[in-house]
Amino acid sequence: MLRFAPSPTGDMHIGNLRVALFNYILSKQRNEPLLIRIEDTDKERNIPGKDQEIIGILHLFGIEYGELIYQSNNLKFHRAMALQLLQNKKAFNCFCTPETLDEKREAAIAAKLPYRYDGTCTDLSDAETIDNPNPFVVRLKKPDHAIEVHDIIKGDSRFEPDDIDSFIIMRADKFPTYNFACAVDDMLGDISLVIRGEDHVSNTPKQMAIREALGYDKTIEYAHLPIILGEEGRKMSKRDNASSVKWMLEEGFLPQAIANYLILMGNKAPTEIFTIQEAIEWFRLDHVSKAPARFDLDKLRFINKAHLKMMENKELSRYVGFADDAVGALAKVYLDEASTLKELREKLAAVFAPKVIEGEFAEPAALLREAIMQAPYCETYDAFKNHLMVQTGLKGKLLFKPLRLLLSGAEHGPELADIYPMLKDYLGEIVK
Ligand code: GLU
């Protein structure tokens, strides 16, 4: 089983979506189910409704999953396993107050030493523990050996016991920390491969240490995806618009194009334009670059345009808010100058908007408008244009400038001959 484990604490970031896509692809390739686990253990940071938003995005991108669970439902298991670790002396109750720990941390910083838990409570006797009325947390005893992590993308690394330290697994409020809940849930879910962002690299040996202490010896494979850098080469933050999936969709990027782009970035791919289903055929985790991927909006625009071109006219028409094939075909002509649905909608809105033409072209436009309204149905643009020339006596700039304004609502744009075939059935609506 694979899993995607989002926290419902904010908007879905493109880095999270990339993780979800890779998990989906690997689950298909390995023919193992995908579990969605909403990591809602950190009650203060949960934002109501974000879980549904994340699930909505997964559906939109065609990421099918077998099961959906909420981490908070596993609380009884987290508590039971913490108790088991305490009984087996693999974990201990720690009564050190946050103030004392802060002082020690500051002293370590002042001495330019890495802060480590100093072991004050590691070996308290049962009596000292049981009779102690003070609040306590539960810490896992730091392992007595180094932990080796093999990462499909990043390669091997080794973490010494001091890197892992005696870290907290249950807080004073009896709720598990992220590392503990995650390690236990991956075990309960019989997870075979964890794909997640590289911000979790230092958590992996801790989670392995937890399962080892619990006596779970099945190996879980790991792959940590490098971070995505913004266009200026800085880490993309929540404040970067382009890092939010919601923003991208609102800007008119197609889910299939966003998915294509996120799979392509920092990867070896046989082609640039593909669907998720095609990627399942060739995708390899070990071909994903371990260097940070750099977000490139122009590339995404290029890919979006390619997917818009591939779309059926009828479907594209519906995406831009119309019901007719012809509007889809018209939108495709506009792809020379538009790359997103939002841009296409703007172009088409101008075509169908009522036109107010003022200044030197006001008079010829009025003549043309009348001639168009009374014109017989012309199959070709040439016949249409010739008819208007004869009827109005206009030619050159005085014919073409106002005609373009009347037909497209813009001063510049595609050749009128290219758009006329799609407009000819709507002339009454367009020139009004
Ligand atoms: N809930 C964690 C996050 O959203 C993911 C943890 C994981 O994949 O192990 O960053």
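The values are calculated or read from the model by the stated rules, or taken from the named source; none is laboratory data. Every value quoted in this text rests on a predicted model; they were computed, and no experiment measured them. Positions of Cβ are generated from backbone atoms using ideal geometry, with glycine treated the same way; all protein chains shown enter the neighbour counts. These accessible areas exclude ligands, DNA and RNA; they are computed on the full protein's heavy atoms, side chains included. Shrake-Rupley method; radii C 1.70, N 1.55, O 1.52, S 1.80 Å.
Values computed for the structure shown
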| item | result |
| --- | --- |
| Single condition I25 does not satisfy, out of (1) within 15 Å of the ligand (Cβ to nearest atom); (2) in contact with a Phe, Trp or Tyr (Cβ under 6 Å, 6 or more places away or on another chain); (3) among the aliphatic types (A, V, I, L, M) | (1) |
| Residues (in a helix (DSSP H, G or I) and open to solvent by 10 Å² or more (accessible area, probe 1.4 Å)) located in region 262-284 | L264, I276, Q277, E278, I280, E281, W282 |
| Matching strands (runs of 3 or more DSSP E) fully within region 1-97 where at least 3 residues are open to solvent by less than 60 Å² (accessible area, probe 1.4 Å) | 2-4, 34-38, 91-94 |
| Within region 1-22, tally of residues that are touching a residue at least 40 places away in the same chain (Cβ under 8 Å) and within 11 Å of the ligand (Cβ to nearest atom) | 14 |
| Selection from region 200-221 of residues that are part of a helix (DSSP H, G or I) and aliphatic (A, V, I, L, M) | M208, A209, I210, A213 |
| Cβ pairs under 6 Å, 6+ apart, first in region 174-199 and free of Cβ contacts under 8 Å to residues at least 60 places away in the same chain and among the acidic types (D, E), second open to solvent by less than 20 Å² (accessible area, probe 1.4 Å) and within 11 Å of the ligand (Cβ to nearest atom) | E198/H224 |
| Considering residues of region 158-183 that are more than 15 Å from the ligand (Cβ to nearest atom) and in a helix (DSSP H, G or I) only, the residue surrounded by the fewest Cβ atoms within 10 Å (Cβ to Cβ) | D162 |
| Complete set of residues in region 132-151 that are surrounded by 15 or more Cβ atoms within 10 Å (Cβ to Cβ), of a type in the set (A, V, I, L, M, F, W, C) and away from the ligand (no atom under 15 Å from the Cβ) | F136, V137, V138, L140, I147 |
| Wholly within region 389-432, helices (runs of 4 or more DSSP H) carrying at least 2 residues that are open to solvent by less than 20 Å² (accessible area, probe 1.4 Å) and at pLDDT 95 or above | 397-408, 416-423 |
| Among the candidates I258, I220, I263, I195, residue that is over 17 Å from the mean Cα position of the chain (by Cα), modelled with pLDDT of 95 or more and among the β-branched types (V, I, T) | I220 |
| Positions within region 184-208 being open to solvent by 20 Å² or more (accessible area, probe 1.4 Å) and either over 23 Å from L17 (Cα atoms) or near the ligand (Cβ under 8 Å from one of its atoms) (or both), in sequence order | M187, L188, D199, H200, N203, K206, M208 |
